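What follows is calculated from the coordinates using simple rules that are stated; it is not laboratory data. What you are looking at is a predicted structure, and each value in this text was computed from that prediction instead of being measured. Cβ sites come from the backbone with ideal geometry, for glycine too, and all protein chains shown count toward neighbours.
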Amino acid sequence: MAIDQATVKKIASLARIAISDAEAAAMEGELNNILGWVEQLGEVDVSGVEPMTAVIPNTLRLRDDIVDADPLTGGNRRDDVLANAPEPQHGFFGVPKVIE
Amino acid sequence: MMTDLTNLTVAQIRDGHRAGDFSAVEVAEAFNANVAAAKALNAFIVETPEQALGAAKQADADRAAGTLKPLSGVPIGMKDLFATKGVQTTAASHMLEGFVPRYESTVSQKLWDAGAGMLGKLNLDQFAMGSSNETSFFGNVISPWKRNDGGNAALAPGGSSGGSSAAIAARLCPAATGTDTGGSIRQPAAFTGISGIKPTYGRCSRWGIVAFASSLDQAGPMARDVRDCAIMLQNMAGFDPKDATSLDLPVPDWEAALSSDLKGKKVGIPREYRLEGIDPDIDAMWDAGIAMLKDAGAEVVEISLPHTKYALPAYYIIAPAEASSNLARYDGVRYGLRDLPQGAGLQDMYAATRAEGFGPEVKRRIMIGTYVLSAGFYDAYYTQAQKVRTLISRDFSAAFETCDVILAPTAPSAAFGLGEKTADPLSMYLNDVFAVPASLAGLPAMSVPAALNREGLPLGLQIIGKAFDEQGVLNAGLAIEERAGFTARAEKWW
C-alpha cells in the first residue's frame, strides 16, 4: 500500500518531527521504496506462529522493595537529573507555557 | 624503544606490562600520539589523553604494589554510544551534542574497573543507524584502507561502529567497544581487517548505552585478534540488575578456554547464504574458510535456514519500530537539544527540536517505525515481522541440531566508497544481509579477517553460534585466524 504526501505529513506529525513540503516530497519516494520492499513479508505463512516477545528466554525480575535500593538510580538526584536540561528552572524542567 | 608499542595486541600489552618490559605510561603516550596524529580519519569525536594517562599511572602504581588488574596498562577506545561520566556522549548526533552524562554505563565501568584506560570517544553512525559511518553529525569516518587500483577513493570503515574499526585498524587503539543491532560490530570489523564479536543478547548490560532497538542492541568488543576479543568480552559481560534483559549467568574465562582444535565439532554451511551474483571473491573466501575449519578437525555439513531472505525486511520493521519508541525521549525538555521558535508552544517545540536534532537517516527510521506501529498497520507490519522473527529463530534452532557453529561471509562485499550508497537507503540496508539473521535470533556471532580481495581490501568470515556458546564461536574464529594468517594492514597515509 503506497503512501502519499499527506500520509507522510501525518506520520511526521505523529512522530513530532517538523517537515517541509520539499522534505515530505523527497521522503514519499524513499518510504515507499522501503515499505514496498518489506511487503514481501506478507508472503510468509505464519499461521500458528506466535510473534517473538523475548529473543533469549528470560524471566522478569523484581528488585527488593527498598527505597533507593540502587544508589545510581535511586532518588535524591535532582541536580544530576537537571544537569543536562536545556532550561532548568527552580529545580524543575522549564517548558513553554501550556495552559493559557 | 625497540618495538612500536602501538603494534602490540591487548594480550601483549597486558603481559609485557606485567613482565616489566615497558610502563603503562609509555603505552598510553604512544597511543595518545597516534590518536593526535590521525585527525584525517575522524575516528574520534572526543579525545581523552589525560584519562588514558591517568589509568596508565594507576596501572604502573598497581604493578609496583602487586595489585594488577586484568586490563591494567591497556588503553582502549569507547564507542560514543556508551555514557561516560563527565565526558560528552553524543551518539554522533546533534541532538545530544554537549550532553555530559552524570553516570557511567555498566559496560564502560566494568572496563575501567578492570584497569583499562580511555583514549577517547569513537565516532559512529548517528544513533548507530547506518552501515558506513556516513550518518554521523560529526562527519564521516574515513577507513585507513585504500583500494590497490592506484586511485585515492575514500572508503567506508563500515558502520555503525566505524570509528572503532578504523581506529583499531590504524593502530590508534588496540581494542574498542562496539555495539551491534544488525551487524554494527561484525560488518565494520570485516571492512577493516579486524575481529569483533557480538555476544548472546543479554550478555552485556545495555544500561547506559544510548538505545536504538532494545530487543536487538548488544555491546561487544572489537580488536585485532580473537584472543583480544575474548579478553575484552570477559571484562565487559556480566549480570546487571539495572538491565531487565541482562542474563543472570556466570561469565566464563573465554580466554583460558580458547582452543582451535575443532575435532568432533560440526560446522554448518547455510545454503541460503549463497547469493546469486555475489562477488566471486566472497564465495572464494567462504570456500577457503570451509577448508580451514576442516583442517582444524571439524566436520562440515550443509544446513538450511529457509527464512533467511525475510530477515532483512523483518529487521527493517522491528528495528525502526523500536527506534521510534526509544527516540521519543528526545523532546527538548529533559536533556539534549532544544529548538524553541519564537512564540512556539510545547508541541511546536517538540517538532522543531526533533527536526533540527535528528539527521535524515534517523528521521527516516523514526518515520518508518511510527508508520508500522500506527493504528491499522500494526498487525500487518509489526506483528507479522515478529512472527517472521520467530520463524528465523526456529530456523537456527533446527540447524543447531545438526551443527555446533555456522560459517558464512560477514558481508556481501568489501568496503565500498563513501557516497556510493547514500543516494539509495535500501542498497545500504542490503549490506547487512548476512549479519541481521543472527541479530534477530539473539545469537553470538563474530567476524574474523580471512582474506584480501582483488582490490587489496579485507574480507571477513562470520561464525554464528548457539545461544550462550561464545566459546564455540571464539574457538572456530581462532581456527580460521591461525590458518588464514591475515597480517595485511593499511598503508599509512593519514
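Some notes on this structure:
- For the stretch B:82-88, 3J(HN,Hα) computed residue by residue from phi via the Karplus equation (6.51, -1.76, 1.60; θ = phi - 60°) reads 8, 5, 10, 4, x, 10, 2 Hz, glycine and proline entered as x.
- Residue order for B:Thr245, B:Thr353, fewest other beta carbons within 10 angstrom first, comes to B:Thr245, B:Thr353.
- From least to most packed, judged by other beta carbons within 10 angstrom and beginning with the fewest, A:Ile66, B:Ile318, B:Ile168 follow the order A:Ile66, B:Ile318, B:Ile168.
- B:Lys266 long-range amide H proximity, modeled H, under 5 Å: B:Glu299, B:Asp404, B:Val405
- Helix-only mean residue ellipticity at 222 nm for chain B, each DSSP H run of n ≥ 4 adding -39500 (n - 2.57), per residue, nearest 500: -10500 deg cm²/dmol
- Karplus 3J(HN,Hα) series, Hz, for the stretch B:445-452 with 6.51 cos²θ - 1.76 cosθ + 1.60 (x for Gly, Pro): 8, 9, 10, 10, x, 10, 6, 9
- About its Cα centre, the stretch B:108-196 has a charge dipole of approximately 180 debye under the convention of +1 per Lys or Arg Cβ and -1 per Asp or Glu Cβ, with nothing else charged.
- Working from label points 7 Å from Cα in the Cα-to-Cβ sense, the B:Glu455 to B:Asp261 distance is 4.2 nm.
- In this Cβ point-charge picture (+1 for Lys and Arg, -1 for Asp and Glu), the stretch B:189-292 has a dipole of about 260 debye about its Cα centre.
- Straightening the chain between B:Tyr378 and B:Glu356 buys 5.1 nm, computed as 0.36 nm per residue apart minus the Cα-Cα spacing.
- Dipole magnitude for the protein assembly as shown: about 540 debye, using +1 per Lys or Arg Cβ and -1 per Asp or Glu Cβ, origin at the Cα centre.
- Mean per-residue shielding of peptide A:34-45 is 6, counting Cβ atoms of other chains within 10 Å of each Cβ.
- Karplus-derived HN-Hα couplings along the stretch A:82-93 (A = 6.51, B = -1.76, C = 1.60, θ = phi - 60°), whole Hz, x at Gly and Pro: 8, 4, 9, 6, x, 8, x, 9, 6, x, 10, 7
- DSSP bridge orientation in the protein assembly as shown - percent antiparallel, rounded to nearest 5: 70 percent
- Stokes-Einstein diffusion coefficient of chain B, Kirkwood radius over Cα pairs, 10 °C, 1.306 mPa s, in µm²/s: 71 µm²/s
- Fewest-first sequence of B:Lys266, B:Lys363 by Cβ atoms within 10 Å of each Cβ: B:Lys266, B:Lys363
- B:Ser325 paired with A:Leu14, simple spin-label distance in nm, labels 7 Å along Cα-to-beta-carbon: 1.4 nm
- Cα centroid separation - the stretch B:280-345 against the stretch B:399-474, whole Å: 10 Å
- 0 to 90° range, to nearest 10: angle between helix A:5-14 axis and chain A longest Cα axis: 20 degrees
- Euclidean distance of C-alpha centroids, the stretch A:1-68 and the stretch B:238-256, integer Å: 30 Å
- Packing-based ranking of B:29-42, B:381-394, B:132-145 yields B:132-145, B:381-394, B:29-42, ordered from highest to lowest mean Cβ neighbour count within 10 Å.
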